[in-house]
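*Asks:* I have a structure here, written as structure tokens, and I will follow up with some questions on it.
The values are calculated or read from the model by the stated rules, or taken from the named source; none is laboratory data. Quick caveat: nothing in here was measured; it's all calculated off a predicted structure. Note: ideal-geometry Cβ built from the backbone for every residue, glycine included; neighbour counts use all protein chains shown. Note: accessible area is taken over every heavy atom of the protein model, side chains too, but ligands, DNA and RNA are not part of it. Shrake-Rupley method; radii C 1.70, N 1.55, O 1.52, S 1.80 Å.
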Amino acid sequence: MARTQGSHSASTGPKIRASAQRLFAQHGYAAVSMRQIAAVVGVQAGALYNYIPDKQALLFELMKQHMDDLLAARRAQKPAQSALAALEAFTRFHIGFHLDRPDAVFIAYMELRNLSDDNFVEIETLRTRYEGELTQILHDGLAERVFDVTDLKVATRAVIAMLTGVTTWYRDSGALSRSEVEDIYWQMVRNAVRLT
């Protein structure tokens with residue numbers, strides 16, 4: 001099928017992913033058709049299948065790329081010398097990384113239910129790996145006697161949910177700077193793990 005005048009093969013794939021991410025975040029995965037994605041990209045609907053097998057594969061690719069980027073960025077962080085320093089670093093990293101990617105974050109958390117079983121398992125494995133880093137930090141803090149956490153898994157999920165929630169309301173044009181938001185959230189995380 002012919003491409004729309006002016007479209008280029010090398011740039012069409014990234015345009016498809018960027019357009020799908022924006023549309024999924026704005027309208028929800030279930031409400032977006034491949035035809036809508038094609039219209040935004042500027043190609044005929046059939047041309048999408050030269051780049052992606054189907055809409056499910058597109059959703060999975062977006063979510064996996066987000067998790068791969070998150071884990072890679074996290075690996076690049078300098079190791080902390082104590083559990084308290086590690087928790088602060090994790091808090092600030094999580095907020096900074098996610099504020100730059102609100103659409104990807106929305107999809108990663110809200111569209112899990114739309115993944116096929118196999119795709120869900122793969123994404124959940126990556127999420128568990130990331131959350132495991134926070135669980136280890138909290139575990140280390142218990143060993144160092146600086147944290148008081150009753151249930152590590154519950155505490156991990158609660159902190160992740162609190163930190164990720166900042167993407168739903170924060171705007172760069174708002175009253176608070178990113179560093180001020182990080183400071184506020186760091187204080188809340190400290191309180192949540194009952195720093196002794």
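*Asks:* On the basis of being over 21 Å from the mean Cα position of the chain (by Cα) and among the aliphatic types (A, V, I, L, M), does V193 make the cut?
*Replies:* It is true that V193 is over 21 Å from the mean Cα position of the chain (by Cα) and among the aliphatic types (A, V, I, L, M).
*Asks:* When the residues of segment 34-62 are narrowed to those that are open to solvent by 20 Å² or more (accessible area, probe 1.4 Å) and small (G, A, S), which ends up farthest from the chain's Cα centre (by Cα)?
*Replies:* Restricting to residues being open to solvent by 20 Å² or more (accessible area, probe 1.4 Å) and small (G, A, S), the top hit is G46.
*Asks:* Which members of segment 134-148 meet the condition of being under 30 Å from I107 (Cβ atoms) and open to solvent by less than 60 Å² (accessible area, probe 1.4 Å)?
*Replies:* L134, T135, I137, L138
*Asks:* So which of Q65, Q81 is open to solvent by 60 Å² or more (accessible area, probe 1.4 Å) and out of contact with any helix residue (DSSP H, G or I) (no Cβ under 9 Å at 6 or more places or on another chain)?
*Replies:* Q81
*Asks:* Kindly establish whether A31 is farther than 30 Å from R190 by Cα, open to solvent by 20 Å² or more (accessible area, probe 1.4 Å) and at pLDDT 95 or above.
*Replies:* Yes, satisfied.
*Asks:* Here's another thing I want to ask about it. Pick out the one residue from L163, L134, L176, L152 that is of a type outside the set (G, A, S) and farther than 17 Å from R92 by Cα.
*Replies:* Residue meeting the stated conditions: L152.
*Asks:* Now, a different point. In segment 42-99, what residues are part of a loop (DSSP other than H, G, I, E, B) and touching a Leu at 6+ places or on another chain (Cβ under 6 Å)? Break it down into steps so the answer makes sense when it comes.
*Replies:* Within segment 42-99, the subset part of a loop (DSSP other than H, G, I, E, B) is 42-44, 51-54, 76-82.
Of everything in segment 42-99, just one residue is part of a loop (DSSP other than H, G, I, E, B) and touching a Leu at 6+ places or on another chain (Cβ under 6 Å), namely I52.
*Asks:* Find the residue count for segment 167-177, including only residues that are surrounded by 14 or more Cβ atoms within 10 Å (Cβ to Cβ) and either modelled with pLDDT of 95 or more or assigned to a loop (DSSP other than H, G, I, E, B) (or both). First the steps, then the outcome.
*Replies:* Within segment 167-177, the first condition is being surrounded by 14 or more Cβ atoms within 10 Å (Cβ to Cβ), and the residues that meet it are 167, 170.
Then drop every residue that is not either modelled with pLDDT of 95 or more or assigned to a loop (DSSP other than H, G, I, E, B) (or both), which leaves 170.
So the count comes out to 1.
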